[in-house]
1. Considering only DSSP beta bridges with both partners in the stretch 116-286, what is the antiparallel share in %, to the nearest 5?
2. Can you give me the long-range amide H partners of R110? Hydrogens built in the peptide plane at 1.01 Å from N, cutoff under 5 Å, separation of 5 or more residues or another chain.
3. Percent antiparallel among DSSP beta bridges with both residues in the chain, to the nearest 5?
4. Quick one: 3J(HN,Hα) in Hz for the stretch 279-284, Karplus 6.51/-1.76/1.60 with θ = phi - 60°, rounded, Gly and Pro as x.
5. Sort the stretch 116-286 into rounded, prolate or oblate with this rule: let a ≥ b ≥ c be the square roots of the eigenvalues of the Cα gyration tensor; rounded if a/c is under 1.5, and if a/c is not under 1.5, prolate when a/b is larger than b/c, oblate otherwise.
6. Using only C-alpha atoms and all pairs of different ones, pull out the Kirkwood radius for the chain in Å with one decimal.
7. Please list 3J(HN,Hα) in residue order for the stretch 297-308, calculated via the Karplus relation 6.51 cos²θ - 1.76 cosθ + 1.60 where θ = phi - 60°; whole Hz, with x for glycine and proline.
8. Please compute the contact order of the chain in relative form: average sequence separation of alpha-carbon pairs under 8 Å and at least six residues apart, divided by the residue count, as a percent.
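Throughout, read-outs are computed from the coordinates displayed, never taken from laboratory work. The structure presented is a predicted model; accordingly, all values stated were derived computationally and were not measured. When we count neighbours, we look across all protein chains shown, and the Cβ atoms used for this are built from the backbone with ideal geometry, even at glycine.
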Amino acid sequence: MTKNVFIDGEAGTTGLQVQARLNAHPDISLISLDDQHRKDPAARRDAMASADAVILCLPDEAAVEAVTLAEGLDCIIIDASTAHRIDPGWVYGFPELCPGQRDAIRQSRRIANVGCYATAMIAMIRPLIDRGLMGPETRLFIPASSGYTGGGKGLIAYMDKHDEARHFSYALGLSHKHLPEVMHHAGLETKPVFMPMVGDYDCGMIVHLPLVASQLQAGVTRAQLFDAYASHYDGEAFIGVFAPDDAAGLTDEGFFAADALKGTNRLDIHLFGNDDEMLVMARLDNLGKGASGAAVQNLNIALGLDEHAGLGP
């Protein structure tokens, strides 16, 4: 049976991506509002009332208001903002997080979509803490680079108009909106030193997790890290784990391209270095597995549909 879905904020960067995926979804019928009614509370509530599920692609404050607007309705809500990601009343929308997470999403009416940088960081950190290879108190240093679409329409417009500052660092106060959810869901007790950058490409993301032996439990090897990831993500269709030094993810020149997974709902984990100095790297599309793809994956699970529907290969 076809399910009705309303995207509140469908004209935004993530909303447009979700819309494109759901337009090709065999089991979804989209409820849309014309431009005249997109911000009309009564029209939005009517759309929510007609929907089996609502995906919020809104800024944090507007997402909170939308949840209030939906009070008393029976629809599932998937929030793509950061507003509810550590809220105990919401289930975290990262199906591969740990055993039981997919079932929790399936049974929930309120799902907080995982953030893009957070997807990569948690994917690399959580398996190591769960298996006792790294302590939760470990101080981590995490450089990362994202495509400029991660900054929404404002940053896209900036990049379209400016030739200078085509690759830049930001969040120089060492604070970032994804860090609370990373600490909460990865199991960290010490805030990471996170160093995000924006690259001169539209979609794609690389997050680096450099580790030295002293950050891990005594005697932990790179092979053990690989085994931890391979075990944690065994059977997962959208997360790939590559053996140490596997060149399959590199260009012919040996480069690691940030946008290699553009348009997909994939996240790949790679390992380089040696037993004294290890480099774990996660790569994904910031608008795919980091946003719209994850939202559609969560939607499929919550509605009891094929988890892969609308997500491509």
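1. Counting only bridges with both partners in the stretch 116-286, antiparallel ones make up about 70 percent.
2. The list, which skips near neighbours in sequence, is I77, V91.
3. 45 percent
4. 10, 9, 10, 10, 10, 7
5. In terms of gyration-tensor shape, prolate.
6. 20.0 Å
7. 4, 5, 4, 4, 5, 5, 8, x, 9, 4, 4, 8
8. Computed over the chain, the figure is 20 percent.
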